[in-house]
Amino acid sequence: MRFIPSEPDLRKLMGIRLAESVGKGVFMSGNVIYFTLAVGLSPAQVGLGISAASLAGFTASLLLGMVSDRIGARRLLTILFVAEAVGFTLYPLVHSLPVFFALIVVMGFLEFGTGPSMAALIGTLVPPENRVRMRAVMRTVFNIGFSIGSGIAAVAVLGRDVLDAIPLSTAVLIAVAALLVRFLPADRARPTAVRAKKFSAVRDLRFVSVVGLSSVLATHVNIVLVALPLWVLTRTSAPHWTVPLMLVLNTAFVITFQVRASRGADTLSGASRMARRSGVWLAAACGIAAVTTWTSNTVVTMAVLITALLVFSVTEVMQSASAWGMAYGLAPERAPAEYLGTFDLHVISQNVVGPALLSGIVIAFGAWGWGLIAAVVLVAAALIVPAAQRARRPDSPVEDAAPAVPVAGS
C-alpha cells in the first residue's frame, strides 16, 4: 500500500499541506528567537502574544466555518492563505509591542480559520469511508513538513543578519499553498434554503458535549509538549537532554503510525470506541509517568519516561483519528465546515488552558496529580461512546458498513 494517493486531487491536497507545514515549521520553530532578537521583545511578551493568537482561534474556528459553508471551502482557503502570506511579510516591519499584538492576533485568527475549510475540502473530495485515513495522511505530511521547516529555522537562527528570512520564507511557502488550492476542483456553496441557523453547532448541546469530552481525551497534546518536559526537568533525575529526545521520538512515532492507527475510525461508532480506548491508554501513560516519583536511579527513570512517552504517543494517534471520525460522523450535510470547525475547539481549548492547568497539577501534586488526570480521563472515556450516539442527527452522514477503500491505492 502506497503512502501517496493515486488520485491527482488528493496529491494536490498533500502538496498544499506540505507547503503549509514547512512554512509553519520554519516560523513556529524560530518565532521566539526572531521576536526577541530581531524585534526586541521580551520572552514574556512573546508568550503573551502567542497565547492571544490561540484565543483568536476560538472565534476563527466558529465564524470561518460558517463562512466556508456559505462561500465555498476552496475560495475561503485561498483567501486565508493569501492573507497569511501577506501577514508574514509584515513581520519584519514590526518594531513595537502594540503592532506585534495586533498582527499576531490577526495571524492567529487566519491560521486557525484554515482548519475548517481544509477539513471541508477533504470531505468534498474524499469518499466518507476514506476521509479519516486521508486526514491521517495529511497529519503525517504535516509532521514531516514541520520537521523540515524546523531544520531550516535552525540554520536561519545561526546568523542574526538573516533572521528576517524566517517570516519571509514562510510567506513564500504559504503563497505556494494558496496557488495550489486554485488547482483543486471548486466546491459549491450551500444554497440558502439548506443552510443552517447561525451558530447552530454551538447550540447543539449534544454535539458540544462530545467536543467537551474529546477535549479531555486530547490532554495528551500538552502533556507531551509541556507537562511531561517540566516533570522531567523539575521532578526526576533524568538528564535535561531527555526532553528533546522524547519530542523527537514522539514526532517519529506519529509519522510512522498515524495512518495505520486511523483504521476503524471511519464510522461514528468505530471512532467513538477508538476514543474510549485512547482514554484508557492515556490513563495508563499517566500512571507510568507517576512511577518516576519512586525512583532516583537515572537509568530506570529514563526507561520509565521513554515507556510513558511511547504510550502517550499511542494515545495521540488513536485520539486524533477518533476525533476526525466523530467530527465527520456528526457534521450534517447542511453545515459541514461549521461543525468541523466547532469540533476543532477540542484542540484549540488545549492550546489555551492546557499548558498551565496540566503542568500546574502534576508539578504541584506529583503522583497524585498524574492520578487525578488519569481519573478524569477515564470518566471522559466512559462517557464518549453514549454521548456520540446521542449526538447523532437525522441529517448526519449515514454509516457505511462496507470496508474502506484505501486512499493510497495498493
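The values are calculated or read from the model by the stated rules, or taken from the named source; none is laboratory data. For clarity, every value in this text was computed on a predicted model and none was experimentally measured. Cβ coordinates were reconstructed from backbone atoms using ideal geometry, including for glycine residues, and neighbour counts include every protein chain displayed. Calculation scope for accessible area: heavy atoms of the full protein, side chains included, ligands and nucleic acids excluded. Shrake-Rupley method; radii C 1.70, N 1.55, O 1.52, S 1.80 Å.
Points to keep in mind about this one:
- Sites count as exposed loop sites when they are chymotrypsin sites (Phe, Trp or Tyr not before Pro), lie in a DSSP loop, and have at most 16 other Cβ atoms within 10 angstrom; the longest stretch of the chain without one is 4-182.
- Calculated on the alpha-carbon coordinates, the convex hull of the chain measures out at 133 cubic angstrom per residue.
- Over the chain, dividing the summed -39,500 (n - 2.57) contributions of all DSSP H runs of at least 4 residues by the number of residues returns a 222 nm mean residue ellipticity of -25000 deg cm²/dmol.
- With all pairs of separate Cα atoms included, segment 232-381 yields a Kirkwood hydrodynamic radius of 16.6 Å.
- Cα gyration tensor shape of segment 207-279, rounded if a/c is under 1.5, else prolate or oblate by comparing a/b with b/c: oblate
- Cα gyration tensor shape of segment 13-62, rounded if a/c is under 1.5, else prolate or oblate by comparing a/b with b/c: oblate
- Per residue, the convex hull volume that the Cα atoms of segment 26-97 enclose (Å³): 97 Å³
- Restricting segment 1-66 to trypsin sites (Lys or Arg not before Pro) in coil, as DSSP defines it, with at most 12 other Cβ within 10 Å: R2
- For the chain, accessible area per residue (1.4 Å probe, heavy atoms of protein chains only), Å²: 41 Å²
- The apolar share of the surface of the chain, taken as the fraction of accessible area on carbon and sulfur atoms (1.4 Å probe, ligands and nucleic acids excluded), comes to 70 percent.
- Taking 1.567 mPa s as the viscosity and 4 °C as the temperature, the Stokes-Einstein diffusion coefficient of segment 301-361 based on its alpha-carbon Kirkwood radius rounds to 94 µm²/s.
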